[in-house]
Amino acid sequence: MKTQVVIIGGGPSGLLLSQLLDRRGIESVVLERKTKEYVLGRIRAGVLERGLVGLMEEAGCADRLHAEGIVHDGTLVSHGDDMFRIDFTELTGTPVIVYGQTELTRDLYDARKEAGGSIEFEVDDVTILGADGDAPHVTYTVGGEARRIDCDFIAGCDGFHGVSRQAIPLSVRTEYEKVYPFGWLGILSETPPVHDELIYANSERGFALCSMRNSKLSRYYIQCSLSDSVNDWTDEAFWQELKRRIPGPMADKLVTGPSIEKSIAPLRSFVTEPMRWGRLFLCGDAAHIVPPTGAKGLNTAASDVHYLYEGLCEFYKAGSSTGIDAYSQRALNRIWKAERFSWWFSSLMHRYPEQSSFDLKMQISELDFLRSNKAAQTAMAQNYVGLPY
Ligand SMILES: Cc1cc2nc3c(=O)[nH]c(=O)nc-3n(C[C@H](O)[C@H](O)[C@H](O)COP(=O)(O)OP(=O)(O)OC[C@H]3O[C@@H](n4cnc5c(N)ncnc54)[C@H](O)[C@@H]3O)c2cc1C
């Protein structure tokens, strides 16, 4: 088989890139290790920046997002029972949209199907070959049968545990990592959200987040120990702990119910540099991870897709390699700012095992500054709604 771009990974990055390229007449094949149902069953991100919404529009996939996504003009931040609001729209002119990653991924799969896009599911043994030369190709097996695709470029959109990053020699790659000493226990429940905007809560018992997917589906998280397992937490124990961490009036009106999904995610900041090696480009979680505080994961994946899509269009439509040559640097410039924001917001909101009384005072005074200072709120809002591409 031969195509222009082989895309490894059928998550949001790979699908969005494939759909955007198709709209400009650039051919791709997507290789996905899992089944479509498995990918659509993963409950992950839910807050979309304007940049990602714009890309979904350009991809012709934004109708349902605009019909069903919930516009959020701001967010609440609490410390104990104190609570204040950051008004994104007033401070930046831009809201965010709450729309689940599962829904966005479904829209992209539907669009690829309608366009007759080529996606191979349940592929194994994906191997990247010749990426540093002029004849890149990818080999893999599907249903026990060995296959090969020759191509011009390879987009590594296969997430943190994929093969693409590992294909770049260690002598070329530099990795930067911070592992946080706690995780997030999250549940999804068919209950109305406690509030119509998200609540980020700093409490003496640890962080909590009240989020949502729609008016009938809530997503809640609490900071937990890395040694906890999902089985340690009954639904009842989760709700009790959440109530202790959010302001009293919110706890009083929290509607609880059985969880329909429960999982623990460790928190990590990670960046690999460079994001290009020859004809291989890394995109999304394959190249970087952020802690979910501030909802940057899916959104940074989208900005990579934007830069790569632009570069590939320039290459195929204008015969210029300027865009693909600049890809790694342009993507990394924005990613490091999102890494900084996610790290800062995580540091502000969580309890750390080694935190001294001085550290706690610093956290409290920073929260106080954020509550009372418009410039600080504006900086927070600009980062939250997404820095420009
Ligand atoms: C548990 C969890 C919770 C999260 N919660 C949030 C959140 O609340 N807010 C937020 O903003 N972000 C969140 N994120 C981050 C966000 O979901 C990711 O940033 C986003 O999914 C990145 O998209 P991606 O397409 O780059 O990678 P992925 O979504 O990881 O997609 C990669 C795809 O590649 C496939 N793949 C892997 N290896 C191979 C291979 N060898 N061959 C072929 N295919 C392969 C995988 O099956 C997967 O479908 C969360 C992530 C996780 C893991």
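GLY323: modelled with pLDDT of 95 or more, in contact with a Leu (Cβ under 8 Å, 6 or more places away or on another chain) and either on the phi > 0 side of the Ramachandran plot or crowded, with 16+ Cβ neighbours inside 10 Å (or both), yes or no? Write out each step before concluding.
On the way: modelled with pLDDT of 95 or more: yes; in contact with a Leu (Cβ under 8 Å, 6 or more places away or on another chain): yes; either on the phi > 0 side of the Ramachandran plot or crowded, with 16+ Cβ neighbours inside 10 Å (or both): yes.
Spelling it out, GLY323 is indeed modelled with pLDDT of 95 or more, in contact with a Leu (Cβ under 8 Å, 6 or more places away or on another chain) and either on the phi > 0 side of the Ramachandran plot or crowded, with 16+ Cβ neighbours inside 10 Å (or both).
I need every pair where a residue in the stretch 145-165 that is without any contact (Cβ under 8 Å) to a residue 60 or more places away in the chain has its Cβ under 9 Å from the Cβ of a residue that is in a strand (DSSP E or B) and within 13 Å of the ligand (Cβ to nearest atom), sequence separation at least 6 or different chains.
As it stands, the answer is ALA146/ASP125; ALA146/THR139; ALA146/TYR140, since those pairs meet every condition given.
Pick from PHE84, PHE88: which is touching a helix residue (DSSP H, G or I) at 6+ places or on another chain (Cβ under 8 Å) and crowded, with 20+ Cβ neighbours inside 10 Å? If you could, list the steps in order and put the result at the bottom.
Working: PHE84 fails: crowded, with 20+ Cβ neighbours inside 10 Å.
The match here is PHE88.
Go through the stretch 90-99 and report how many residues are more than 22 Å from PHE369 (Cβ to Cβ), β-branched (Val, Ile, Thr) and more than 16 Å from the ligand (Cβ to nearest atom). Talk me through it step by step, then tell me what you get.
Within the stretch 90-99, the subset more than 22 Å from PHE369 (Cβ to Cβ) is 93-99.
Next, only the ones that are β-branched (Val, Ile, Thr) stay: 94, 96-98.
Subsequent filtering for residues that are more than 16 Å from the ligand (Cβ to nearest atom) retains 94.
So the answer is 1.
Just need a number here: residues in the stretch 111-126 that are more than 14 Å from ASP22 (Cα to Cα) and without any contact (Cβ under 8 Å) to a residue 40 or more places away in the chain.
Applying the first criterion (more than 14 Å from ASP22 (Cα to Cα)) to the stretch 111-126 yields 120-126.
Retained after the next criterion (residues that are without any contact (Cβ under 8 Å) to a residue 40 or more places away in the chain): 125.
Residues flagged as more than 14 Å from ASP22 (Cα to Cα) and without any contact (Cβ under 8 Å) to a residue 40 or more places away in the chain within the stretch 111-126 amount to 1.
Quick check: anything in the stretch 200-220 in contact with a strand residue (DSSP E or B) (Cβ under 8 Å, 6 or more places away or on another chain), outside any strand (DSSP E or B), more than 27 Å from SER356 (Cβ to Cβ) and open to solvent by 50 Å² or more (accessible area, probe 1.4 Å)? Break it down into steps so the answer makes sense when it comes.
The first filter runs over the stretch 200-220 and keeps only residues in contact with a strand residue (DSSP E or B) (Cβ under 8 Å, 6 or more places away or on another chain), leaving 200-203, 206-215, 217-220.
Cutting the leftovers down to outside any strand (DSSP E or B) gives us 215.
Right, trim to more than 27 Å from SER356 (Cβ to Cβ) and you get 215.
Subset that is open to solvent by 50 Å² or more (accessible area, probe 1.4 Å): 215.
The answer is yes, given that some residue of the stretch 200-220 is in contact with a strand residue (DSSP E or B) (Cβ under 8 Å, 6 or more places away or on another chain), outside any strand (DSSP E or B), more than 27 Å from SER356 (Cβ to Cβ) and open to solvent by 50 Å² or more (accessible area, probe 1.4 Å).
Just to be sure before I move on: is ARG165 more than 29 Å from ARG85 (Cα to Cα), within 11 Å of the ligand (Cβ to nearest atom) and of a type outside the set (Gly, Ala, Ser) in the structure I sent? Working first, answer last.
Values: more than 29 Å from ARG85 (Cα to Cα): yes; within 11 Å of the ligand (Cβ to nearest atom): yes; of a type outside the set (Gly, Ala, Ser): yes.
Judged against the criteria, ARG165 is a match.
Of all the residues that make up the stretch 168-198, how many are open to solvent by less than 40 Å² (accessible area, probe 1.4 Å), away from the ligand (no atom under 15 Å from the Cβ) and either more than 30 Å from ASP235 (Cβ to Cβ) or not polar (S, T, N, Q) (or both)? Talk me through it step by step, then tell me what you get.
Here is the first cut: in the stretch 168-198, the residues open to solvent by less than 40 Å² (accessible area, probe 1.4 Å) are 168, 173, 180, 182-189, 191, 193-194, 197-198.
Applying the additional criterion that residues be away from the ligand (no atom under 15 Å from the Cβ) yields 173, 189, 191, 194, 197.
Those left that are additionally either more than 30 Å from ASP235 (Cβ to Cβ) or not polar (S, T, N, Q) (or both): 173, 194, 197.
Selection size over the stretch 168-198: 3.
Kindly provide the set of residues from the stretch 1-37 that are within 14 Å of the ligand (Cβ to nearest atom), in contact with a strand residue (DSSP E or B) (Cβ under 8 Å, 6 or more places away or on another chain) and hydrophobic (A, V, I, L, M, F, W, C), ordered by number.
VAL6, ILE7, ILE8, LEU15, LEU17, VAL29, VAL30, LEU31
Can ALA135 be described as of a type outside the set (Val, Ile, Thr), in contact with a strand residue (DSSP E or B) (Cβ under 8 Å, 6 or more places away or on another chain), in a loop (DSSP other than H, G, I, E, B) and open to solvent by 50 Å² or more (accessible area, probe 1.4 Å)? Can you show your working first?
Numbers: of a type outside the set (Val, Ile, Thr): yes; in contact with a strand residue (DSSP E or B) (Cβ under 8 Å, 6 or more places away or on another chain): yes; in a loop (DSSP other than H, G, I, E, B): yes; open to solvent by 50 Å² or more (accessible area, probe 1.4 Å): yes.
Judged against the criteria, ALA135 is a match.
With the structure loaded, tell me whether ASP110 is more than 10 Å from the ligand (Cβ to nearest atom), among the charged types (D, E, K, R) and touching a helix residue (DSSP H, G or I) at 6+ places or on another chain (Cβ under 8 Å) or whether it fails that test.
On the way: more than 10 Å from the ligand (Cβ to nearest atom): yes; among the charged types (D, E, K, R): yes; touching a helix residue (DSSP H, G or I) at 6+ places or on another chain (Cβ under 8 Å): no.
For ASP110, the condition - more than 10 Å from the ligand (Cβ to nearest atom), among the charged types (D, E, K, R) and touching a helix residue (DSSP H, G or I) at 6+ places or on another chain (Cβ under 8 Å) - is not met.
Does LEU312 fit the bill of being away from the ligand (no atom under 16 Å from the Cβ), over 23 Å from TYR352 (Cα atoms), buried (at least 19 other Cβ atoms within 10 Å of the Cβ) and in contact (Cβ under 8 Å) with a residue 60 or more places away in the chain?
Numbers: away from the ligand (no atom under 16 Å from the Cβ): yes; over 23 Å from TYR352 (Cα atoms): yes; buried (at least 19 other Cβ atoms within 10 Å of the Cβ): yes; in contact (Cβ under 8 Å) with a residue 60 or more places away in the chain: yes.
Here the answer is yes, as LEU312 does meet what is asked.
Condition first: within 18 Å of LEU209 (Cα to Cα), in contact with a strand residue (DSSP E or B) (Cβ under 7 Å, 6 or more places away or on another chain), at pLDDT 95 or above and hydrophobic (A, V, I, L, M, F, W, C). Can you find one or more residues in the stretch 46-66 that meet it? Spell out the reasoning first.
Let us first name the residues in the stretch 46-66 that are within 18 Å of LEU209 (Cα to Cα), namely 46-48.
Add one more test, that the residue is in contact with a strand residue (DSSP E or B) (Cβ under 7 Å, 6 or more places away or on another chain), and what stays is 46-48.
Pick out the ones that are also at pLDDT 95 or above and you get 47-48.
If we keep only those that are hydrophobic (A, V, I, L, M, F, W, C) as well, we get 47-48.
Among the residues of the stretch 46-66, at least one is within 18 Å of LEU209 (Cα to Cα), in contact with a strand residue (DSSP E or B) (Cβ under 7 Å, 6 or more places away or on another chain), at pLDDT 95 or above and hydrophobic (A, V, I, L, M, F, W, C), which makes the answer yes.
In this structure, is ALA302 open to solvent by less than 10 Å² (accessible area, probe 1.4 Å) and within 16 Å of the ligand (Cβ to nearest atom)? Lay out the reasoning, then the answer.
Details: open to solvent by less than 10 Å² (accessible area, probe 1.4 Å): yes; within 16 Å of the ligand (Cβ to nearest atom): yes.
Yes; evaluated as a whole, the condition is true for this residue.
Pairs please, first residue from the stretch 288-307 and among the acidic types (Asp, Glu), second anywhere and more than 9 Å from the ligand (Cβ to nearest atom), Cβ atoms under 7 Å, 6+ apart in sequence or on different chains.
Pairs found: ASP304/ALA331.
Do we find that THR102 is farther than 17 Å from SER13 by Cβ, open to solvent by 20 Å² or more (accessible area, probe 1.4 Å), within 14 Å of the ligand (Cβ to nearest atom) and polar (S, T, N, Q) in this structure?
Numbers: farther than 17 Å from SER13 by Cβ: no; open to solvent by 20 Å² or more (accessible area, probe 1.4 Å): yes; within 14 Å of the ligand (Cβ to nearest atom): yes; polar (S, T, N, Q): yes.
Against the criterion (farther than 17 Å from SER13 by Cβ, open to solvent by 20 Å² or more (accessible area, probe 1.4 Å), within 14 Å of the ligand (Cβ to nearest atom) and polar (S, T, N, Q)), THR102 does not qualify.
Could you check how many residues of the stretch 60-87 are under 22 Å from the mean Cα position of the chain (by Cα), away from the ligand (no atom under 16 Å from the Cβ) and not in a strand (DSSP E or B)?
8
Of all residues in the stretch 252-270 being more than 13 Å from the ligand (Cβ to nearest atom) and part of a strand (DSSP E or B), which is surrounded by the fewest Cβ atoms within 10 Å (Cβ to Cβ)? I'd like the intermediate steps shown before the answer.
Taking the stretch 252-270 as the starting set, the residues that turn out to be more than 13 Å from the ligand (Cβ to nearest atom) are 252-260.
Remaining after also requiring part of a strand (DSSP E or B): 259-260.
Working: SER259: 21, ILE260: 12.
Checking each candidate, the answer is ILE260.
The values are calculated or read from the model by the stated rules, or taken from the named source; none is laboratory data. Just so you know, these numbers come straight off a predicted model, no measurement behind them. When we count neighbours, we look across all protein chains shown, and the Cβ atoms used for this are built from the backbone with ideal geometry, even at glycine. Quick note on the areas: whole protein, heavy atoms, side chains included, nothing else; ligands and nucleic acids left out. Shrake-Rupley method; radii C 1.70, N 1.55, O 1.52, S 1.80 Å.
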